[in-house]
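A short write-up of the structure that comes next.
The values are calculated or read from the model by the stated rules, or taken from the named source; none is laboratory data. Worth saying up front: this structure is predicted, and the values here are computed from it rather than measured. Positions of Cβ are generated from backbone atoms using ideal geometry, with glycine treated the same way; all protein chains shown enter the neighbour counts.
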Amino acid sequence: MIEIRSGQDRGSARLDWLQSYHTFSFGHYYDPRHMSFGPLRVINEDFIQPGQGFGTHGHRDMEIITYVLEGALEHQDSLGNGSIIQPGDIQRMTAGTGIQHSEYNPSQSDPVHLLQIWIVPDREGLEPDYEQTHVALEQQKNRLHLLGSKTSQRGAVTIHQDIDLYAAQLSQQGSVTHTLPAQRMAWLHVAKGAVQINEVYALVAGDAAAITNLRDISIDSQSEDAEILLFDMVA
């Protein structure tokens, strides 16, 4: 079964420095039909204006993934970590028993476009932790590349949940396939461009698909530069 979540139906928040779109209920946006999908709790698409960002704030008991699509994001946290996140980087922060962090656009001229993803961990009270790695974009070209998983492998960040996170960048007429093992389900988020799922469902940037009780998934690009994230998780 494939159920489409249209990007046009997402919640949104607009400030003078931020435009944010919420796939699931978040902040002032509440929709009981779209609270989460399995352990996947938040996918926020944020556009942050130059020199602006989120001041120091706290989180607990959440796995937080930051994935930059365009521009750069500066990160600082209470563990002493400081970094610049750019396209090709994947950052995982385990909030655990509590962490403080800030996120700013360090550019004075260009906005930053990013996805922030929250995943409910498999247990509470984890020790706060931080991990960031870089994946060469060519490794994602017309193939699903593993960005994060419960068991660290092939350079992927460790996510404290039974979930595998993949990314792919598809050229015109590029395609990828994925087979879901038994008792697994998937969430597909289109970050850029346009794709077609299983030769039936057409999605564009901001759209997503909840995939259950289905074994084989094919994703075909319908634009010159399509980019997708695929979450394979326990049902």
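Looking across the stretch 115-157, the residues that are in contact with a Pro (Cβ under 9 Å, 6 or more places away or on another chain) and modelled with pLDDT of 95 or more come down to ILE119, VAL120, PRO121, ASP122. Restricting the stretch 1-21 to residues that are in contact with an Asp or Glu (Cβ under 8 Å, 6 or more places away or on another chain) and part of a strand (DSSP E or B) leaves a set whose member that is farthest from GLN52 (Cα to Cα) is ILE4.
Restricting attention to the stretch 108-131, the residues that are over 23 Å from SER83 (Cα atoms) and surrounded by 15 or more Cβ atoms within 10 Å (Cβ to Cβ) add up to 3. Number of residues in the stretch 138-152 that are outside any strand (DSSP E or B) and more than 16 Å from the chain's Cα centre (by Cα) equals 6.
Listed by first and then second residue, the pairs with beta-carbon distance under 8 Å, at least 6 apart or on different chains, first residue in the stretch 88-115 and of a type in the set (D, E, K, R), second not in a strand (DSSP E or B), are ASP89/VAL135; ARG92/ILE159; ASP110/PRO50; ASP110/GLY71.
When ARG215, ARG184, ARG154 are checked against the criterion of being basic (Lys, Arg), in contact (Cβ under 8 Å) with a residue 40 or more places away in the chain and not assigned by TED's automatic domain parsing to the domain that holds ALA95, ARG184 stands alone in meeting it. Here GLY88 clears all of (1) in contact with a strand residue (DSSP E or B) (Cβ under 8 Å, 6 or more places away or on another chain); (2) at pLDDT 95 or above except the condition numbered (2). When the stretch 208-224 is filtered for residues that are exposed (fewer than 15 other Cβ atoms within 10 Å of the Cβ) and touching a Ser or Thr at 6+ places or on another chain (Cβ under 8 Å), the ones remaining, listed by number, are ARG215, ASP216, SER218, GLU224. When restricted to residues that are over 14 Å from LEU114 (Cβ atoms) and of a type in the set (S, T, N, Q), the stretch 24-47 contains 2.
If you go through the stretch 1-48 and keep only what is free of Cβ contacts under 8 Å to residues at least 60 places away in the same chain and either small (Gly, Ala, Ser) or under 17 Å from LEU69 (Cα atoms) (or both), you end up with GLY11, SER12, ALA13, LEU18, GLN19, SER20, HIS22, SER25, GLY27. For the stretch 51-108, the set of residues classified as within 18 Å of the chain's Cα centre (by Cα) and among the acidic types (Asp, Glu) consists of ASP61, GLU63, GLU70, GLU74, ASP89, GLU103, listed by residue number. Looking across the stretch 132-180, the residues that are among the charged types (D, E, K, R), surrounded by fewer than 19 Cβ atoms within 10 Å (Cβ to Cβ) and more than 19 Å from GLN86 (Cα to Cα) come down to ARG143, LYS150, ARG154, ASP162.
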